[in-house]
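Reading through the structure tokens given below for one structure.
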Amino acid sequence: MIARLNTLLDWFIPVRFRSSVSDVTVVRNFVLLHFLGPLMGQAVMAFLWLNLPVAGWQFWVTEICVSSFFLVPIILRKSGSMELAAMVSVQMLVGLSLFGSFWFGGISSPLLPWFLIAMVLCFFYLAEAIRNALIGIALQLTLFTIARLVTGEFPQLLDHEQLLLPNVFSIIAALAYMTMMCLFYETVMRVSLRLEQATINQRERVEELRGAMAKAEQASRRKSIFLAKMNHELRTPLNAIIGFTEMLKEEWQDRGEDARKSQDLDRIHAAGRHLLALVNNVIDLSSIESSRMDLSVEEVDLRSLAHDVIATASPLAQKRHNQLVLNMPEEITPLELDALKVRQSLLNLLSNAAKFTTKGVIMLTVIRTTDADGDWLSLEVTDNGIGMRPDGLRRIFKTFSQAEDDTATHYGGSGLGLALTKRFAEMMGGTIVVRSEFGVGTSFTIRVPAIEAQIDQRSAA
Ligand code: ADP
């Protein structure tokens, strides 16, 4: 019921008032008061109708005025101006009250209490145009006083006894009207207090966020310093360990030292390389996240890049007796690419395939494709290894995540390679997708925009 009434009232609310709760409350109450007010006025008019010996022109003018208050909400909707609608309402009510009082009972008229309602309406709704409103009211009061002075006394269209009942009714109606306005005022106050509280809370949140931002910026600065140090302090000694191990191994082989010692050196060498790869991955990922890594695009001959990658991955594939196959067209035009990132991404995918496949076939397919979005270079690595379950597939592109809980125990690894490969693909404006079936095999496809290398016109000439 209330919802339906609100829907009806809201039809009269101009669009510009609908976005704020307190505006809607104010305007909705204004419309409601302009439906209830004329209804109460009609009851007083009914008393007059019943008690007047003849309903003369004075009665009909008053009646038309009372009924015309129903038009105020329409004025509001059509003009979109609350000030105009309120001004019309206040001036009409003052005029009606003075005109009615003049003809029907003077200062004991049942229409006189409406003057008070007009004043309250004026202060509630015309606070910003109070000067003009008061000038209008003063003018009307002056006319009323002049009319009274000219006529000498108020016309006696009704007896004083006849006015008693309508007077009581009019005063009760005016009181009810005022009470509604007070309740409405209280609602508006409550809404604005709530808004004020929300603003204070919001301000506190902004302060908190500002503090958190400052802390985050400081942490990011520290991270950058840490990364710069890591880069130097970790890579330098690791490269030295790897280099010296290689030199020692050659020396011992020349001296004919026993094979056991050489095996120990191989272990140190492998561990060093593993650690270096890990440090490189961590640094690369952090650099991407702090936007300190850029693309370095150059003209890339895809055939030699693919052969180079296959040659590097071959020993890994052979470790588990896998066959490594390259599948690419005879002719493939050079493209503008970041060769290092493409190479590193393919090596990540191929070394994973080699790690998770035994006595199988690993295939690298390099092709150009075209769709509605443009030209693409598609790099696909498929294997018929252990595959992954759907649950694992959802995890693998997150940092330090592996498909199964026991992957690290059986196969080693840190869960960084795919996270990095995905970031590289995105940096190049591309994507990486995976399809896999547990126990059957896996296929990763990197797709990056294929931008053909520009032929240098000057050197061609
Ligand atoms: P890592 O191999 O060092 O653990 P990656 O980010 O390269 O880290 O891979 C994350 C996980 O994805 C692997 O641990 C493995 O569980 C799964 N995975 C990746 N490639 C394959 C594949 N070819 N076959 C089966 N599982 C794979």
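Structure notes:
- Farthest toward positive dipole pole in the stretch 205-334 [+1 Lys/Arg, -1 Asp/Glu at C-beta], among GLY211, GLN253, ILE288: GLY211
- Between 0 and 90 degrees, the angle of helix 57-68 with respect to the longest Cα principal axis of the chain falls at about 10 degrees.
- In percent, rounded to a whole number, the relative contact order of the stretch 379-461 is 37, using alpha-carbon pairs under 8 Å and six or more apart.
- Fraction of antiparallel bridges per DSSP, the chain only, in percent to nearest 5: 85 percent
- Fraction of beta bridges assigned by DSSP in the stretch 241-388 that are antiparallel (%, nearest 5): 70 percent
- Straight-distance candidates among the aspartates and glutamates for linking to LYS355, with alpha-carbon spacing under 15 Å and chain neighbours fewer than 8 residues away dropped: ASP383, GLU404, ASP406.
- Using C-alpha pairs under 8 Å with a sequence gap of at least 6, the mean separation divided by the residue count of the stretch 328-416 gives a relative contact order of 21 percent.
- In straight-distance terms, cross-link reach from LYS223 covers every one of the lysines whose alpha-carbon lies under 17 Å from its own, apart from those fewer than eight places away in the same chain; here that gives LYS215.
- Relative packing of 135-146, 29-40, which averages over residues the other C-beta atoms within 10 Å, highest first: 29-40, 135-146
- Panel values: the chain, Kirkwood radius from alpha carbon pairs, Stokes-Einstein at 10 °C and 1.306 mPa s, translational diffusion coefficient 51 µm²/s.
- In the chain, Cα pairs under 8 Å separated by at least six residues give a relative contact order of 9 percent.
- Remark: the stretch 295-303, residue by residue, has Karplus-estimated 3J(HN,Hα) of 7, 10, 8, 8, 6, 10, 8, 5, 4 Hz, where x stands for each Gly or Pro and the curve is 6.51 cos²θ - 1.76 cosθ + 1.60 at θ = phi - 60°.
- Dipole of the chain [Lys/Arg +1, Asp/Glu -1 at C-beta], most positive-end residue of PHE244, LEU305, ALA127: ALA127
- Under the Karplus curve 6.51 cos²θ - 1.76 cosθ + 1.60, θ = phi - 60°, whole-Hz ³J(HN,Hα) for the stretch 113-120, x wherever Gly or Pro sits: x, 5, 4, 4, 4, 4, 5, 5
- 3J(HN,Hα) along the stretch 159-171: 6, 5, 5, 5, 7, 4, 4, x, 4, 4, 4, 5, 5 Hz, from the Karplus curve 6.51 cos²θ - 1.76 cosθ + 1.60 with θ = phi - 60°, whole Hz, x for Gly and Pro.
- Annotation: amide H-H contacts under 5 Å for ASP375 (H modelled 1.01 Å from N, sequence separation of 5 or more, or interchain): ALA450.
- Entry note, the chain: the mean residue ellipticity at 222 nm calculated from DSSP H runs of n ≥ 4, each adding -39500 (n - 2.57), is -23000 deg cm²/dmol after division by the residues and rounding to the nearest 500.
- Partners for LYS359 among lysines (Cα-Cα distance below 21 Å; same-chain residues under 8 apart left out): LYS319
- Percentage, to the nearest whole number, of Cα pairs in the stretch 367-459 over 24 Å apart: 32 percent
Since every read-out is calculated from the coordinates, none of them should be taken as a lab result. Quick caveat: nothing in here was measured; it's all calculated off a predicted structure. Methodologically, a virtual Cβ is constructed for each residue, glycine included, from the backbone with ideal geometry; neighbour enumeration extends over all protein chains shown.
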